[in-house]
Amino acid sequence: MKNVEEDVLEAVNRIGSQTKLALTSDDDLPASLPRPQPPPTSLRPKLPTEVLDIAFSMLSKNHLKPLLYTNSFISALAIRRLYSDVVLARPAVVVAFLTTVLKSERLPLLVRSLDINATNKALPTKNFYALLARGLRRMPGLVSLTLELPKPHSPLWIFDGCTFRLTQFTTSMCSRRALARFLETQPAITELTLRGYQTESLIPPIISASGRAGSQKSKGRADPDAFILREGAMPNLRAFNTVHADEDLVRTIMEGRPVSVVSIPLFADTSAASLDALCSSSTPLRRLSAISFDPTTPEALFEALAKRFVDLEALHLVLLTAEYDQQVLRQCAVALSNFRCLKYITFMAASSRPPTANPPTQPVAAQWHQACPTLKTIILPEGRVWFRSQGKSHSHGSAAAPSVTAAVVAATGGGDAGGAQEGGSGSQPQMVWAAL
């Protein structure tokens, strides 16, 4: 990326030089001939505006700022890029930005992506949110919005009167009916991330034995302020990420919508219900990331996933309460054979043995690949990465690497170790070991 920025900067410098026209020497012209008049000076570079805009999009914010002082044409392009994607990490910076853009008729119209983090230091005041509401109402071109606010803050009234159509929305606001009503006004959303709890209590809910963290149901009575979406809301939703949602909220989001990329938590005793809720999507799941608080054994979780999502292409699992050993990892291979097109898998969990006593994981990777031949990348605990490679196997600078590779090649039917090192199995896909 650094080389690309250097090339772009060099191109920008050349663009600046094009605005200065060189004078042609005419000292040798006969006196009887009229001397040519120089063409009118122009501040506009010869390159098309679209090309300049692409070049500027590759520059960092620090490299864009000096372009504001070149000329009016270049400055206008640089301003458009500076304000199209805005990231603000502190409330004071948010206030300064909003104060500036609200003084201009043009600047708010340039904002396409806005990322605000107001969780640092002092809690935002009502005046802060009033200023933010004014700014959002002046940004009709906004398509991506991220709002990280303190936990008890869910000022959904800041969206009143807004005319933007979001395609991406991330928020830490509480997942309650008021938030659902706002989402119902955004039919263009394709990616939704809900990081908030399902309660407005100042004390974070404790994950109970039943696994519910701020569930929508309490003592058998329906919550009138529960997160409920009307049918037909967010018809274009493709990706859904959540941190604290229970199975009820997951089902509400997934049901009848073409969601194929999901990241969810799995709580004790309700992980099966959450996985069933994912099945209510109108399209097969392609990518699933899950953080599990369920002490269920890894092989049982793999079986549950393989039973429901045979069309997965990528699976990423982090088990926080379950442990693994070599035997457990080998048993997971049985469930992996049910996946028809799984290409990428990540499995992270705590080991039941001291780190120094853990056996190597390359035989496990070989067995997993043998059970699921479509696998291209396998990431196992301790940061070991396995990936497919065409041609002969490679050594990664470790004396043990040839034997490690040979073991995997043999287990996957790629030939013996000698053939692998000499290229004897040259055209066969092989599993090659790499360490992060």
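The values are calculated or read from the model by the stated rules, or taken from the named source; none is laboratory data. All figures in this text were calculated on a predicted structure; none of them were measured in a lab. Here Cβ is always computed from backbone atoms with ideal geometry, including for glycine, and neighbour counts include all displayed protein chains.
Listing for the model above:
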item	result
Considering residues of region 111-121 that are of a type in the set (D, E, K, R) and in contact with a helix residue (DSSP H, G or I) (Cβ under 9 Å, 6 or more places away or on another chain) only, the residue surrounded by the most Cβ atoms within 10 Å (Cβ to Cβ)	Arg112
All positions within region 257-272 that are at pLDDT below 95 and over 19 Å from Arg195 (Cβ atoms)	Ala268, Asp269, Thr270, Ser271, Ala272
Sole residue being touching a Lys or Arg at 6+ places or on another chain (Cβ under 9 Å) and either in a helix (DSSP H, G or I) or buried (at least 17 other Cβ atoms within 10 Å of the Cβ) (or both), chosen from Pro108, Pro124	Pro108
Single unsatisfied condition, Leu192 versus (1) in contact (Cβ under 8 Å) with a residue 60 or more places away in the chain; (2) in a loop (DSSP other than H, G, I, E, B)	(2)
Breaking point among (1) part of a helix (DSSP H, G or I); (2) at pLDDT 90 or above, for Ala55	(2)
Hey, Pro152 surrounded by fewer than 17 Cβ atoms within 10 Å (Cβ to Cβ), in contact (Cβ under 8 Å) with a residue 12 or more places away in the chain and either of a type outside the set (A, V, I, L, M, F, W, C) or part of a loop (DSSP other than H, G, I, E, B) (or both) or not	yes
Which numbered condition Pro155 misses (of (1) touching a helix residue (DSSP H, G or I) at 6+ places or on another chain (Cβ under 6 Å); (2) at positive phi)	(2)
Cβ-Cβ under 6 Å pairs, at least 6 apart or on other chains, region 117-139 side touching a residue at least 12 places away in the same chain (Cβ under 8 Å) and basic (Lys, Arg), far side in a loop (DSSP other than H, G, I, E, B) and surrounded by 12 or more Cβ atoms within 10 Å (Cβ to Cβ)	Arg137/Cys162
Filtered residues of region 253-273 (kept if within 22 Å of the chain's Cα centre (by Cα) and in a helix (DSSP H, G or I))	Ile253, Met254
Residue pairs meeting the criteria (Cβ under 7 Å; at least 6 apart or on separate chains; first at positive phi, in region 222-247; second among the hydrophobic types (A, V, I, L, M, F, W, C) and not in a strand (DSSP E or B))	Met234/Leu183; Met234/Ile189
Count of region 252-273 residues which are under 18 Å from Ala233 (Cβ atoms), among the charged types (D, E, K, R) and either surrounded by 16 or more Cβ atoms within 10 Å (Cβ to Cβ) or in contact (Cβ under 8 Å) with a residue 60 or more places away in the chain (or both)	1
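Residue-wise test of (1) of a type outside the set (Phe, Trp, Tyr); (2) within 26 Å of Leu237 (Cβ to Cβ).
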{"position": "Asn71", "(1), (2)": "yes, no"}
{"position": "Val94", "(1), (2)": "yes, no"}
{"position": "Lys121", "(1), (2)": "yes, no"}
{"position": "Thr125", "(1), (2)": "yes, no"}
{"position": "Tyr129", "(1), (2)": "no, no"}
{"position": "Leu136", "(1), (2)": "yes, yes"}
{"position": "Ser144", "(1), (2)": "yes, yes"}
